[in-house]
Amino acid sequence: MEGQRILDQIAKFAENAGVVATTRLLEYSYSVVQSIVEEAANEKVDLIVVRKRGLSKFKQLVVGSVSAGVVSHANCAVLVVK
């Protein structure tokens, strides 16, 4: 699975930097934002890291932005990276 391979690389990078990190590939049924926020709350995480995909302003308006949704709804710190 490509997603899991990427997450494994991220976890190894964090470990090599001395950072304790947990990665998880989520399956969602309705809302990506809701799935991320609920998982973070259930696991009592300190930080969520999400990637900004760089959607056009029009696409952001139509489909929304996952990173913006997570920032708006998470009960912990959120780091958005390019």
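What to note about this one:
- Net charge contributed by nearby residues that have their C-beta within less than 11 Å of A40 (K/R +1, D/E -1): -2
- Its Cα centre serving as origin, the chain has a Cβ charge dipole (Lys and Arg +1, Asp and Glu -1) of approximately 500 debye.
- Over the chain - Rg/Rh using Cα atoms and the Kirkwood inverse-distance radius: 0.97
All of the numbers you see were taken from the coordinates with simple rules; none came from a lab. Just so we're clear, the structure is a prediction, and the values are computed from it rather than from any experiment. FYI the Cβ positions are ideal-geometry reconstructions off the backbone, even for glycines, and counts take in every protein chain you see.
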